[in-house]
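What follows is calculated from the coordinates using simple rules that are stated; it is not laboratory data. Predicted model, so just to flag it, every value in this text is computed and none were measured. Backbone-built Cβ (ideal geometry, glycine too); neighbour counts: all protein chains shown.
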Amino acid sequence: MGTIQILFYFLSALAIFSAIMVLLSRNPVHSVLWLIAVFFAISGHYVLLNAQFLAIVNLIVYAGAIMVLFLFVIMLMNLNAETEPRKHIWMKLAGVVSGGCLLMMLISLVRQAVEMGGKKAMMAEGNIGLIKNLGHALFSDYVVPFEITSVLFLSAMVGAVVIGKK
Amino acid sequence: MNAIIVSALLGVVMMFTGIISQKKSVHTAVASVGLLLLLLANLLNHYGLFVIHVDTRGMFNFEQFGMYFNSIAIFATLVYVLLSGKTIEHTGVSTADFYALIFFVLCGVSILSGFNGLLMLFLGIEIMTIPLYILTGADKRNLKSNEASLKYFLMGSFSTGIMLMGITLIYGATGTFTMGESNVIGSGGLIPKTSFLEIAGAILIFVSMCFKVSAAPFHFWTPDVYDGAPGVFTSFMATIVKAAGFIAFVRLYENNTAMLGPTWRILLSFVIISTLLIGNITAVFQQSVKRMLAYSSIAQAGFMLFALYSANDLAKEGILLYSVAYSLATIGIFAILIKMKDYTFDGFNGLAKSQPLLAFAMAVCLLSLAGIPLTAGFFAKYYMLASVVKTGGSLWLVVIAVLFAAVSAYYYFRVIQAMYFKDGEAELMELTPAFKTGMLALAVLIILVGIFPTIVLNFFYF
């Protein structure tokens, strides 16, 4: 087992464990902190896949900016056990059933995944995730979607102004 | 491509109009002229005239089907703005911004009718829905509108997340954003040997698309959002946006059903039947006409899903005709509904006595939705069912659909009954003669399409 594989299994275990802890933590602030751990683990995966730029952006934007916003909101809302909405037992049951259906579907598909066994993520070229190559792809093959995204942002901004105005 | 560029630019133009002029009637006028320009630009695209030439690198696949739907959507929006423009002016303070958002929605619609690959599908869906979240909450002082907007936003983002998961799985399996690229590796057996990630992705995208077009069992957001949103914007959401969702749905799964195998038909018929069942049965019990229309739009979605089921040329013609018939009729009904003071069935009592012309136009729209012959809705439903018959072997589905169409007649006729056969004072806001003429023109158009459906379909081949 090489170093990369050991790192891969370690990061995967960390990501899954932290993700489960996000759900299980009683305190919402702890949930957010575990979520940051998930993002770090995923950024580690990105580095393993030679996507260095993506890893850094993921850390700065998600683990940095968005999680701080999350923490602020949760602390401002002053959540505690009394304000928790009571869930009906049937609701919980329905959730378990539908979640179980999805799990069953995914497992039944993974069981047929014989052809995926030998495939590995592309790791041979070290410079594929550098910002230079990313920019090249963005402004050549993906230039149309890139430009059209600006319409999306523009409409979101107009929306924010419309909602924010008196 | 013309429609995408011009509609995005017109959105910006609308924002500037809001700065230059404070008069709201000017905003409506500019929006109407803009829609005409957009329609012209799209028609020019049919004949190969472009605003600017763009090398899309295979991101788009503009074909006649999508381009023609674009024209239909823009035309329906024009009808909508001409009929309900006055109400948009009264809805909130920022009329020009609402029009700008409507143009951005149209930009999303044009992307959805021309996308090639899942990346553009995702962008198109997002550009189409994000302005809608805002429009749903346009009536800021109304708590119901706020609730509807937040609900729509949360549920919509969640379903977008599911779609992104599906796209990621497909990209992971094939390395491209095109669905069905790896094709069927070996045939035989119930499930073809396609990559499992691709099948999982296709199912997740299916779930998300079902949510976007409000097909059961993913319809739960629809009644609350359609009921809570300001009536004018419900009208826009329930017609043009929904039809665009179906066009994207049909185009997405057009050539990829082989990948999912025979299970695809089983899955789809389950969705169709539950959509028809829930939409129609629940609509029967509603007291508010607006909420009834929300459920009826779910029921109509069940019919439109037949285009996906049969996936042949007849279905393509059918979905175009259906989007014309359904959009025009629903826009007409909502245009009158938002002028009413009382949204319940009783609010319509005696409308025929005080406003015979409006009652007639409303009756034509309702008959069209119910699918009565001589209205556009009849041929729309006929084409849908004929396409299923043509695929063969699914006659039971047709029988069920016809039964539910009969159920739907009950709640549409309740409104007609209230208008014509009950006494009462239906209260309306003030009406302009132009509005009445517009409604009459709409009713005539619906009847015209109902008698000669070929006038819609002939354009398809030019």
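Details
- Given charges at beta-carbon only (K, R positive; D, E negative), |dipole| of the range B:368-436 in Debye: 420 debye
- Using the Cβ-Cβ distance between residue B:40 and residue B:140 with R0 set to 30 Å, the FRET efficiency from 1/(1 + (r/R0)^6) comes to roughly 0.30.
- 23 Å Cα-Cα threshold exceeded, pairs from B:23/B:86; B:242/B:290; A:87/B:212; A:92/B:140; B:144/B:353; B:144/B:381: A:87/B:212; A:92/B:140; B:144/B:353; B:144/B:381
- Global geometry of the range B:405-462, whether rounded, prolate or oblate, following the gyration tensor of its Cα atoms and the 1.5 cut on a/c: oblate
- In this structure the amide hydrogen of residue B:344, modeled in the peptide plane, comes within under 5 Å of the amide hydrogens of B:289, none closer than 5 places in sequence on its chain.
- Long-range amide H partners of residue A:129 with built H, under 5 Å: A:52
- nm² value of the averaged projected area, convex hull over the Cα atoms of chain A: 15.1 nm²
- The loop-placed chymotrypsin sites (Phe, Trp or Tyr not before Pro) in the range B:270-326, going by DSSP, that have at most 12 neighbouring Cβ atoms within 10 Å of their Cβ come out as B:285.
- Global size of the range B:263-462 as Cα Rg and Dmax, reported in angstrom: 17.2, 55
- Exercise: per-residue mean of other protein chain Cβ atoms within 10 Å, A:138-145: 5
- Helical contribution to [θ] at 222 nm, DSSP H n ≥ 4, -39,500 (n - 2.57), averaged over chain B, rounded to 500: -24500 deg cm²/dmol
- For the range A:102-110, the Karplus equation 6.51 cos²θ - 1.76 cosθ + 1.60, evaluated at θ = phi - 60°, returns couplings of 4, 4, 4, 4, 5, 5, 5, 6, 5 Hz by residue, with Gly and Pro reported as x.
- Spin-label pair residue A:160/residue A:110, simplified geometry with 7 Å Cα→Cβ offset, distance in nm: 3.8 nm
- Counting all C-alpha pairs of the protein assembly as shown, share separated by more than 39 Å (%): 33 percent
- Sorting B:1, B:384 by the number of Cβ atoms found within 10 Å of their own Cβ, with the fewest placed first, yields B:1, B:384.
- Approximate spin-label separation residue A:48-residue A:69, in nm, with each point projected 7 Å along Cα-to-Cβ: 2.9 nm
- Under the simplified labelling scheme, the residue B:341-residue B:444 pair shows an inter-label distance of 3.2 nm, with each label point 7 Å from Cα along Cα→Cβ.
- Sorting the Cα pairs of chain B by distance into bins of 20 Å, from 0 upward, gives 26, 60, 14, 0 percent per bin.
- Calculated FRET value between residue B:403 and residue B:53, using beta carbons and R₀ = 56 Å, to 0.05: 0.60
- Per residue of B:79-86, other chain Cβ atoms within 10 Å of the residue Cβ number 0 on average.
- The packing ranking of peptides A:4-17, B:13-26, highest mean first, is B:13-26, A:4-17, where packing means the average number of other beta carbon atoms within 10 angstrom of each residue.
- Relative contact order (%) - criterion: Cα under 8 Å, at least six apart; region: chain B: 14 percent
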